[in-house]
């Protein structure tokens, strides 16, 4: 079942989040389907300062190669939180983004039901810091890959 609302208080469930010892490389993370709305897209675009007509103007977007409104590639930022439950280790307060690489296949669109396949690939300690390498793939309701990425995070001690 698709999630219908997006929690914006990222600290709300901090105490229930998984910790370093709970991260198992190779194990699929629990995720949640999320229905992307036009309102979601517009809010993200305004926060990013990107008001391109592909995201706001239906007539313009219909005349484009995309044949309709789309979400910007940066939508994966919103989807990473929308598609993970509140106890997911990726949401841990104090997590630092140590780098990421994303590939974009097709644009997400308003009304898409997004699913995330995600897992930690590796975890290691270097210079007293806890690192996790993770892989994330977002799909639409047609099982088409919207985007995929690999990231490195430094976990809180």
- Note on the structure: Going through segment 71-94 in order, the residues found to be in contact with a helix residue (DSSP H, G or I) (Cβ under 8 Å, 6 or more places away or on another chain) and part of a loop (DSSP other than H, G, I, E, B) are 71, 72, 74, 84, 86, 87, 92, 93
- Message: Being at pLDDT below 95, surrounded by fewer than 14 Cβ atoms within 10 Å (Cβ to Cβ), over 17 Å from residue 31 (Cα atoms) and touching a strand residue (DSSP E or B) at 6+ places or on another chain (Cβ under 8 Å) is true for just one of 105, 97. Which residue is that?
- Response: 97
- Query: Quick check, is residue 87 farther than 22 Å from residue 137 by Cα and surrounded by fewer than 16 Cβ atoms within 10 Å (Cβ to Cβ)?
  - Reply: no
- Message: at positive phi, at pLDDT 95 or above and in contact with a helix residue (DSSP H, G or I) (Cβ under 7 Å, 6 or more places away or on another chain): which single residue out of 111, 49, 68, 149 fits that description?
- Response: 68
- Per the filter on segment 108-127, residues in contact (Cβ under 8 Å) with a residue 24 or more places away in the chain and either assigned to a strand (DSSP E or B) or surrounded by fewer than 15 Cβ atoms within 10 Å (Cβ to Cβ) (or both) are 111, 113, 114, 115, 116, 117, 118, 119, 120, 121, 122, 123
- Query: residue 63 passes all but one of (1) at pLDDT 95 or above; (2) under 24 Å from residue 103 (Cβ atoms); which number fails?
  - Reply: (2)
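The values are calculated or read from the model by the stated rules, or taken from the named source; none is laboratory data. Predicted, not measured: the structure shown is a model, and the values here were computed from it. Heads up, the Cβs are rebuilt from the backbone with ideal geometry, glycines too, and the neighbour counts pull from every protein chain shown.
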